Every structure is written in C-alpha cells, then in structure tokens.
Amino acid sequence: MSDPTATVLCFTLGFRQVVGGFDYLRSVSFWVRRSSLYEYATRGGNRTYSWDAWGPSVTRWTDWEHGLAPCRPGGSRSALFPLLIEVGIGNPIVVRDFHPERVRRAIARSKGSSWNENRLKVVTESSKIEKGDEFLDDIVSSLPYCEVTSEKRYGYHEVLIDDERVVGITVRVSPISKT
C-alpha cells in the first residue's frame, strides 16, 4: 500500500561536457521526500532556505557515472536499470526503497544470520557529490534507503515500478511484410 508521507520524487540534471575532445553527458539525480517539499511550499511567501537547513537529511544524490539509467520512481521506491543491455545475458534490476519503515526492517535484518549483503544493502551514511564544473559546493545528502539487486538477469529495455510491482518492458522490432 502506498504511503503518501513516504513518497519520493526524483529529479535528474544533465550536464554536457567535452572531455579530451569527446562529448560527454553527466547525469546527477536526487530523490526527495514529497512531504518535505510540501512542508516548505505551505509556509508561503517568497522565502529562501539554505541547503544545509533542509536538504541533506531529506535528499539522496547519485552521480550516474556507473552506468545505471536514472530514476524510475514509484511511491517510495525507485527502479534503477543499466543504460546498455548485456546482449545474451541481460542485466539485474536494482530497486531502492526509501520508505522509513522498510529501511528500519532492513537494518534489523542486516544484524541477523540470514543477511545476504550481495543482494541487499542498507545505506544510512551520508554521500557526497564533489564540487566542480557543475556545482560550486559539495552536495551532501543522507536520506536512508535499502537497495536490493535481483538474482536473475533480464533483457528489458525499460522498467516501471510502483510500491507493489516491478514491470519490465521489452521492445521487439519486426520487419514489415509485403503481402
């Protein structure tokens, strides 16, 4: 069941760079609890809030240099999928879950004997996007999440998600027959 207070939104920023004569697109995404944005929006007025006052604890930033396609959010979860399909063997699906209760349960499970850290991880420590050409200051974020990676590999071209399901989409092109 979807929990509106735990719902996350995902925003992706794309930066085009030329590195060593090659065109390069860097994507950076962040998740934020919808309820935290709503809280600031309802205060009204034309106010400015410093990042340090509201951002780090309710956001999680990721740099997509490791080849996963950014943000497929649904409720409190988000599906991550490789940009390129490994022909013949497919790719695993990675699901990040930001729901506070599920993160608490994953932390409790991580202390048990049946813990499988190869498939499930819990991230509670802060992460940092380094300042550089795109950002004037480092961006620190610490919204906790748990992440599970499928054992099976899939040849999907796209993945959709909600709080209950993950749906894989495969595109097949058939030649047009002339009759």
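The values are calculated or read from the model by the stated rules, or taken from the named source; none is laboratory data. Note that the structure is predicted; figures quoted are calculated from it, not measured. Ideal geometry is used to build each Cβ from the backbone, glycine not excepted, and the neighbour counts take in all protein chains shown. Ligands, DNA and RNA are stripped out before the accessible areas are found, and what is left, the full protein with its side chains, is counted by its heavy atoms. Shrake-Rupley method; radii C 1.70, N 1.55, O 1.52, S 1.80 Å.
Quote the FRET efficiency, to the nearest 0.05, computed for residue 140 versus residue 176 with a Förster distance R0 of 45 Å and r equal to the Cβ-Cβ distance.
After rounding, the FRET efficiency stands at 0.25.
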Is it possible to state the helix-based mean residue ellipticity at 222 nm for the chain, with each DSSP H run of 4+ residues giving -39500 (n - 2.57), the sum divided by total residues, to the nearest 500 deg cm²/dmol? What is it? -4500 deg cm²/dmol
With no solvent and one point per C-alpha, what does the Debye sum give as log10 I(q)/I(0) for the chain at q = 0.08, 0.09, 0.15, 0.19 Å⁻¹? -0.32, -0.40, -1.00, -1.40
Determine the per residue accessible area of the chain with all protein chains present and a 1.4 angstrom probe, expressed in square angstrom. 64
Give the cross-link partners of residue 178 among the lysines, using a straight C-alpha distance below 19 Å as the criterion and excluding same-chain residues fewer than 8 apart. none
For the pair residue 39 and residue 167, the simple spin-label estimate (label points 7 Å beyond Cα toward Cβ) gives in nm 3.3
How large is the charge dipole for the range 104-173, taken about the Cα centre, if only the Cβ atoms of Lys, Arg (+1) and Asp, Glu (-1) carry charge, to the nearest 20 debye? 600
With +1 assigned to the C-beta of every Lys and Arg and -1 to the C-beta of every Asp and Glu, and no other charges, what is the dipole magnitude of the chain about the Cα centre in debye, to the nearest 20? 540
Would the range 114-175 count as rounded, prolate or oblate if I go by the C-alpha gyration tensor, calling it rounded below 1.5 in a/c and otherwise prolate when a/b exceeds b/c, oblate otherwise? oblate
Nearby lysines by direct alpha-carbon distance to residue 111 (threshold 24 angstrom, same-chain neighbours under 8 apart not counted): 121
Take the Cβ-Cβ distance between residue 53 and residue 22 as r, set R0 to 30 Å, and report the resulting FRET efficiency rounded to the nearest 0.05. 0.15
Go through the range 158-171 residue by residue and turn each phi into a ³J(HN,Hα) via Karplus (6.51, -1.76, 1.60, θ = phi - 60°); whole Hz please, and just put x for glycine and proline. 8, 10, 10, 8, 9, 6, 10, 9, 10, 10, x, 10, 10, 9
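Where the accessible area of the chain is counted over protein heavy atoms with a 1.4 Å probe, how much of it, in %, is carbon and sulfur?
On the way: 6170 of 11530 Å².
Carbon with sulfur: 53 percent of the solvent-accessible area.
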